[in-house]
Every structure is written in C-alpha cells, then in structure tokens.
1. Determine whether residue 389 is at pLDDT 95 or above and under 17 Å from residue 325 (Cβ atoms).
2. Hey, does the range 541-560 have a residue that's in a loop (DSSP other than H, G, I, E, B), touching a residue at least 24 places away in the same chain (Cβ under 8 Å) and farther than 16 Å from residue 463 by Cα?
3. With the requirement that a residue be within 28 Å of residue 403 (Cα to Cα) and surrounded by fewer than 18 Cβ atoms within 10 Å (Cβ to Cβ), what does the range 252-290 give you?
4. Out of 462, 455, report the one residue that is over 18 Å from residue 311 (Cα atoms), touching a residue at least 60 places away in the same chain (Cβ under 8 Å), in contact with a Pro (Cβ under 6 Å, 6 or more places away or on another chain) and buried (at least 16 other Cβ atoms within 10 Å of the Cβ).
5. Does residue 252 fit the bill of being closer than 19 Å to residue 411 by Cα and over 16 Å from the mean Cα position of the chain (by Cα)?
6. Out of everything in the range 78-115 that is of a type outside the set (Lys, Arg) and touching a Gly at 6+ places or on another chain (Cβ under 9 Å), what residue ends up being nearest to residue 144 (Cα to Cα)?
7. Considering 428, 432, 461, which residue is hydrophobic (A, V, I, L, M, F, W, C) and within 23 Å of residue 268 (Cβ to Cβ)?
Amino acid sequence: MLNSNPNRKYVVGGIVLAVTLVYMLRLFYIQVIDKSYQLSSKNNSQLRVVEYPGRGMIFDRFGKPMVYNEAVFDLLVLPQQTKAFDTMDLCRILSVDLMEFRESMKKAREYSRYRQSAVVRQITPEQKAALNEKLFQFPGFSFQIRTQRKYPQSVAPHVLGYVGEVNQTDINADTYYQGGDYIGKSGLESEYEPYLRGRKGISYQLVDVHHRLQGNFENGRFDTIAQPGRKLTITIDAGLQEYGEKLLAHKKGSIVAIEPSTGEILAMVSSPGYDPNELVGRIRGKNFERLMNDSLMPLFNRATMSRYSPGSIFKIVQALIALQEGVIDEFYSVDCNKGIIGCHNHPNAHGLREGIMYSCNPYFYNVYRRIILQGKSTSQFQDSQIGLKTWYQMVCSFGLGQVLQTDLPGIKPGLIPDVAYYNKWYGANRWAFSTIFSNSIGQGEVETVPIQIANLAAIIANRGIYYVPHFVKSIEGVDSIPEKFRVPHHTAIDTKYFDVVADGMQMVVNQQGGTGSRAQVPGVIVCGKTGTVQNSGGKEDHSGFFAFAPKDRPRIAIVAYVESSGAGGVYAAPIASLMIEKYLNGTITQTDKELAILEYKQF
C-alpha cells in the first residue's frame, strides 16, 4: 500500500531532530553556562572547612599585653552520623542547658543532615578534655578550634570594647562575615576590626554520598591558610589606667589623661565600669543583659558621653578670647561685686592672673560682657549677636561644640550655643547679653564632655595647638598612624596670650588663696583650674578639675570629674594630683591624700 502522506517521515524526523537539539542545548547550558548544577555537584562532594584566625593582640604603650587570645572550641555535629546518645551526660560535661541543646540539635537537622554545624559554642579547653574521653560515645560530633579574648588586667573596658557574634546587619555590610563569625562590637575592637580580625583560612575536603571524609580535594590545591590579625599597640599606660580605676572605684565619674605633645591618650577611666572578661564566652549574653539593666550604667562611657556644664574651667577660654579681642589685658581688674552675680568670699582680683586664681564670678561676668558687647552696633540686640558670633567661632577653635574625630566611637559633641540657637529659643532681636550672661562662668547653655576638657588642658599646655586625641600608637605592618592624628590644629588665639593664663593656673594650685591647692604634687609645678558643675535634681554639685604638668615642657594634661561630690577642689583636684604624680614619678608619696580618695565611696 502506498504511503498516503509522503511527508510524514520528514515531519517525524524534524520532531526527533528538534527534541535532540533541545536536549543538547539544555545540556550545554547546564554544563557550560549555568554554574548552579556544577556548584551543587561540588557541594555534594566537597566539605568546606573554615580555619578561624586569632584576633590581633592589643598592647599598651610600653608593650604590655592588654588583650590576648585563648583557645576555645565549638562542638560540631553531622546529623546523618549521629546515633542514640546520652544527651544529659553531654550537657552536664559542657554545662549546657538541656532544652537549649535540643533546640540547637533541631536547628542543625533542619539546616542539613549531611553538613556540619555548631551546636555548642565557646567550649573551654577543660570541658573539651572531659568530653574527649567519652567522644566515642557520641558519634557524629567533633570539635572546631576558635579563640576568644582574654584581659589579663581587667581594665579599660570602655576603651578596648568587646567582641560579639555577627548579626544580619554585619553580614549584609561585609561579605567577609558569615553566621557564627565574631566581630568587634564597640571600642577599639570595633574601630580597628579590619586589622584585628585577620583572614580566615579555607580547606576543601572530599566526602562520599554519606558525607564521610575521603581526603583533600585536589591535594589541597585550593586551600588557604588563616592569617592572624595584626598587633595593635595603643597609647594607654596600663599601669596608669589601672590606678585611675582604683581611685574612681565606688564613685561616679571619669578621668582622661593626654600627652600634650602628641595627643596620645594615656588613660581614660569611666566609673562605674565592669570587668571586660564578663563579656567573653557563653556567659556574655547574660552578663550583657545584667549590665544593661544596672541602674549605675556601667556600660556608659562617661568620659566621652557625659555632657556637663564646664563650670569655672570655662573661664580660661573666656580669658583667652578676651585677650585676643583686646577687650582686656593682663592687668584688667574688677571688684568682686556679688550684687552682679554670686561668688564665694575672696579678695578683689587685681589682674587676670588673680581673677583665675580666685575663680571670681563677677570678674568673668565682666570679661564676657566685654567680649559680647563691643559697641559695634547701637542696638544691644544686634551688638550681642555680632559679639556672640565672634565668640562662638573662637570657642569652636578649641575643639568644643563638635565631635573630636578620635578613634573611639560614640563621642558626644557637647554644645556651644550660637546666634541661631538663641534666635530659635527667644526669637531674633529678642535676646541680648543680659539673657546669656550665665555662659560667662561656664553655666547656662554651654555643655562639654570630659575628653574635650582634657584636650583643652593639652591646648593650654601647648600654648595654642592640639593634636586630635587618639589611642592608636602603631599597627603591625602599617607605616604610620592616620594623618589626622599627626596634624596640629591651631586655635584662634595668639600664642603670646597663653603664658598669662598658665601663670594664673599655676597660682590656682600653688599659691595661697587658690581654689585648687589639693592638686599640688611634690617637686612638680602643676597648672590647673577647678570647676564646680551645677547638678540638676537638687543633688550636690559635680566636682571637676583640669590641669597640665609640669608647667614647662608639659608631659600630661588631665581632667577629672566626680559626680555629686561638691566643689572641684574637693575630690577632682586630688585625684588629678595623684594621677599626675603616678605618671611623672611612677610612685605615690601623698599617701594620706590617696587614702582619703580611696575611702570616699558613693555606692
């Protein structure tokens, strides 16, 4: 019988050819273009093993270790290889909550039965040794070595910061991190994370269909070795830091000490503080929650975040601006008229040096009035605005009213009010000197943070320049510290005016009638200024004091605050004195003064 459709064979042949072509194109796409199947195949035959590097150690300015690493271990499980085991015994050995462990095992099975995942983190060497003896009873479990931070002196927690497990935000911000990694969360651990973290190593192991190890993939050709983090040497004097924390124990306050010639921070104390070892290991979570809920706020860094009125310390800035503007000279004298503004009992100030020594409020009321009201406009409102604009620019040149660009996160800017500030509060042309005169004695709207006042002491010590306060001294493998820490910043005040102010500050400490006599150090000329800081809520005033020493070629600039403790000369001045003696001489001879400070406790 003849074929009724002679074209049928061509149709069938075309269909076969088309199907064949589709399969060939699909195979080409899978094998050559689309890598997902290739990766899936590799994932089923290879095990990616991460080798975690040790974080870089941190040393003080003299090479003394402040932070190092100790070995800890993660317990890994391969669910496919596990068999029935004594869960309670394992939890007992590792001091793990039974319900938490079971939840971790559940997550591991849901993640993959054929891939390892961590079920217990940060196991101590002692716990690992105890479990090793029984590991044969727990098939499918193995250990992965990690490191965790250790603090030998348990000091400077607010400076050093702490390390914690990454969150999704960290992972999204940097592809280096994966779940289970650790990152610097605060302080220098956070600021210098790229240097401290090192680089993870990776090895690829061949596994069979049951995920049993079969050896190295291509003899380790693609493996990389972990590179430890870089060593960080910081400017802190660990001994001085420890002593400062001892002096502020059981008190609320802060200390910041700076080397004026470099801007290197020698000590930064915030009290109350905490033991940095509390935020390490599996106890970190519970301890962090406890510290967060503590009414004394031990996690709060008072040295960089507390905003105080500077009080009489600010009179030094007023004096320098007035000298620069030419509205006073060093011989300018004022009667201590308490009818103008309240003051304590002292003789009249004959000249600027005595005005500083007596800390006379009427004296600096008149100094500030001369700065603000210079007669450049017949309107007192306009004249006040012109004067305040000049005053504001000069104050800001001291690094006040702005965030000091140091290498510690979270520093507050304080507040220096300008024309816009007062126009917002009172309305344009509705305020004048009589509205803002409290600024004259460092009260009113002016606010500063302790690190700014320590920097102010360094500026006077340097006769008008400062280097941005910082903690980094050197980084392993890096030629120099960032340029911003090596560039001098000049104030708007001529150098020649600083000697007069330094003389007055010397008299504050070393001459009868000075308000800071308790800051004296045997054999050392200390220049300082007290500051009694008004405290809201009806509590006693804060005690503040800043200083530098020696007067010639200064080696330390310092500020001390003790909250709710009274006048600046009562507690802040002797604390600064003891810190200066400790740093310059290495020993303490003023044992009676030291004992009085140690015995004073607020909580």
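The values are calculated or read from the model by the stated rules, or taken from the named source; none is laboratory data. All of these numbers come straight from a predicted model, not from anything done at the bench. Ideal geometry is used to build each Cβ from the backbone, glycine not excepted, and the neighbour counts take in all protein chains shown.
1. It is true that residue 389 is at pLDDT 95 or above and under 17 Å from residue 325 (Cβ atoms).
2. Looking through the range 541-560, at least one residue is in a loop (DSSP other than H, G, I, E, B), touching a residue at least 24 places away in the same chain (Cβ under 8 Å) and farther than 16 Å from residue 463 by Cα.
3. 261, 262, 275, 288, listed by residue number.
4. The unique qualifying residue is 462.
5. Criteria met by residue 252.
6. Per the criteria, the residue is 78.
7. Exactly one of 428, 432, 461 is hydrophobic (A, V, I, L, M, F, W, C) and within 23 Å of residue 268 (Cβ to Cβ), namely 461.
Per-residue answers, yes or no, for (1) buried (at least 19 other Cβ atoms within 10 Å of the Cβ); (2) assigned by TED's automatic domain parsing to the domain that holds residue 165; (3) under 23 Å from residue 184 (Cβ atoms):
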position	(1), (2), (3)
55	yes, yes, yes
58	yes, yes, yes
63	no, yes, yes
66	yes, yes, yes
80	no, yes, no
83	no, yes, no
87	no, yes, no
